[in-house]
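Down below is the structure, laid out as structure tokens.
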Amino acid sequence: MSLKVKVASIISALIVIVSVIGGVVEYAVFSGAFEELEQEQAVQHLDEVTRAFETEIRDLERISRWYAAAPPASSAASASSESLVAQELDLLLLCDAAGVVRHRVLLDPATRTPITLDEFPETLSPQHPALAWSNPMLRLEGQQSSGILPTSRGPICIAAATLPATTSTGGDGPGGFVLAGRFVFDTARDRIQAATGQSFDLWQLEGGPPMPEAVAAHVDEITSTAAPVLDDREDSEAVVAYSALDDMRHQPIIVVRAKAERRISKTGSTAMASGAILDATMGFFVLLCLILILNQIVLRPIKELTEHTRRTGADENFRARLGSDRQDEFGALGRGFDQMMSRLEKARGELLETARTAGKSELATGILHNVGNVLNSVNISASLVGQRLDDLCIGDLERLADVLSQHSADLSTFLTEDPRGKHIEPFLGALVGQLKEERASIRDEVQSLTDGIEHICELIKSQQGIAKKTSLLEYTNLAERFDEALMITQKAQGESSQLVVIKRYEQLPEIEIDKHRLLEILVNLIQNARQATSGPSQEVLLELRQAENGMIALSVADNGCGIAKEDLIRIFSMGYTTRDDGHGFGLHSCANVAKEMGGSLRVESDGVGRGACFTLEVPETPPGRSKEASAASSSQQGGAA
């Protein structure tokens, strides 16, 4: 899979994540606001209904006062069935001061035919709820002249008014009473629905038909508070609001329910879905733009540099040049690579010319051998980087992008309701973790690659310096050089689960030495030890210790094939090797380098199949320099640092 596809997949995943998070945030923020608006609307509808009942009772008060103020003959003539039908009244009673009904019209709301009710007998007692308000001696607490009165026919809205005093009453007290009423569940409800245009439901708390379970569950709360009671779970299509109507004694008698349809939520959901689709569409356009920009600025230069590097490595054509004219970091990298290849070509030519003119062809052979050892590690690191990039989980991201593209029209529903969509969030979390691990692994391999290239450059510089009899000395931690050499051989030859590496390092101070030439020797020794071992029990011992006469010993021992006694005396000779694929340059070059550093390289073996131990001894101080001068140099370097 190309880097372009991988980058596109990663950007697609990021855009999808941002879109999903944005949709979730929008839903969390706006859905609650939509619900609050619908609840306010339901309360508003309920208030309109309750105010309409109050208006209905005031209308009955007006009618009762009109009948009370009219002349007796006119009142009696107007209190006919036809008059009540015209005024949409169900009840009209004219009583004298003693409560005796002088004129009665009581109609059934459904048939408009006369009926009788026990609550309105021929004579109304002073304790009758509709008359108790008129006598201070009998008035009950909170008693009103109008309100809702329970009857066997159902609750009725009723209003009472007093007739003027007459001579028969002595001019003291009311001359009688007028009662006007409308049944709540019939005439009054129809009038209120016509006046408000609202749809509502009524239930009698006692004595009426049974309430639905959803309503009965709220009765205690409704009757105990004056505030509306809301329920947004009873009806999926509407928000419900409850309240109670009180009777003439301010006791709850009727439950009122009003609804507000969820038009706001539906409209808002549609708007948010449209916004999500628009976001997804814009995201894909942004993705295309980013891919084009990245391809022009980043991906194409990387591809050109990668192909040039592969061709150069495969053909070993050090004269090939990338020739980049870019002015950014990629251009600088390409020019730096060309300069490195130029120096490498020049160094190789100089080394070959020096070997020919001086008769020391092993000089070029040795440097090529050592560079080859490190190049194996560099090549392995480069291959591992390529494998890591190829193993990135871009295929999963492509499939995710395809799924999201297929559901771009209903992305919000797919992510929240579809079983596959619900797995996207945990999948992305796991994917991010895996990408982080791959990135860390690639970073380690790139660092290893950089170290290897630096070592190659230093090897070339050191060999160039040999012709001038110069050497770069610096203070070096020998244990770290041992570990670095081991890492290079592991990269070049691969790690083996059967190989056990044992380290025995004494705590020694840093010494002044050419670390790259030291590393050259250690890489050869460890590589030979690994190649000499085979079978299920492979061991390599790395030992660092203080030796005699101001020397430090670095030993590499193995339990491999060993060395025959007759071969020990010529193991360091030019061209001698015991391996079929060997060249006989490595140990010869290492012995020469050890001698040039003022040390020595020796080998010990008990025979074939008994393993071998190579020991490199180097001086604590460079040849020709005293310990005091070396310590002073160390102090100066430490002070400069």
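Roughly speaking, what is the stretch gain from Thr306 to Thr413, that is 0.36 nm per residue apart minus the C-alpha to C-alpha distance, in nm to one decimal?
On the way: separation 107, 0.36 × 107 = 38.52 nm, distance 4.38 nm.
Working it through step by step, the gained length comes to 34.1 nm.
Extending 7 Å from the Cα toward the beta-carbon at both Glu438 and Val500 defines two label points whose distance is 3.7 nm.
In this simple spin-label approximation, Lys595 and Thr578 carry label points 7 Å from Cα along the Cα→Cβ vector, and these lie 2.2 nm apart.
Between Cys289 and Glu480, the FRET efficiency from the beta-carbon distance, with R0 = 56 Å, is close to 0.70. Near the amide H of Asp514, within less than 5 Å, lie the amide hydrogens of Glu474, all on another chain or at least 5 residues away, with H placed in the peptide plane.
Backbone amide hydrogens, once placed in the peptide plane, bring Gly154 within less than 5 Å of nothing, excluding anything fewer than 5 places away on its chain.
Around the amide H of Asp108, modelled in the peptide plane, lie the amide H atoms of Thr113, Ile115, all under 5 Å away and 5 or more residues distant in sequence or on another chain.
The modelled label-to-label distance for the pair Asp246/Asp396, using points 7 Å beyond Cα in the direction of Cβ, is 6.6 nm.
How much length is gained on full extension from Glu48 to Glu221, taking 0.36 nm per residue of separation minus their Cα-Cα distance? The partial results should precede the final answer.
Working: separation 173, 0.36 × 173 = 62.28 nm, distance 2.08 nm.
So the extension gain works out to 60.2 nm.
Go ahead and run the numbers for FRET between Lys266 and Gln193, Cβ-Cβ distance against an R0 of 25 Å, rounding to 0.05.
Numbers: r = 25 Å, r/R0 = 1.00.
That pair, Lys266 with Gln193, gives E of 0.50.
Run the numbers for Glu425 and Glu539: contour at 0.36 nm per residue of separation, minus the present Cα-Cα distance, in nm. Please list the in-between numbers first.
On the way: separation 114, 0.36 × 114 = 41.04 nm, distance 4.77 nm.
Using 0.36 nm per residue and subtracting the Cα-Cα distance, I get 36.3 nm.
To the nearest 10, the accessible area of Tyr67 is 0 Å² with a 1.4 Å probe.
Let me cross-check Met574: its accessible surface, 1.4 Å probe, with only protein heavy atoms counted, in Å² to the nearest 10? Estimated to the nearest 10 Å², Met574 gives 80 Å². Can you give me the solvent accessible area of Ile21 with a 1.4 Å probe, rounded to the nearest 10 Å²? For Ile21, the solvent-accessible surface is approximately 100 Å².
The values are calculated or read from the model by the stated rules, or taken from the named source; none is laboratory data. It should be emphasised that the depicted structure is a prediction, and the values quoted were computed from it without experimental measurement. Methodologically, a virtual Cβ is constructed for each residue, glycine included, from the backbone with ideal geometry; neighbour enumeration extends over all protein chains shown. These area figures cover heavy atoms from the full protein model, side chains too; ligands, DNA and RNA do not enter into them. Shrake-Rupley method; radii C 1.70, N 1.55, O 1.52, S 1.80 Å.
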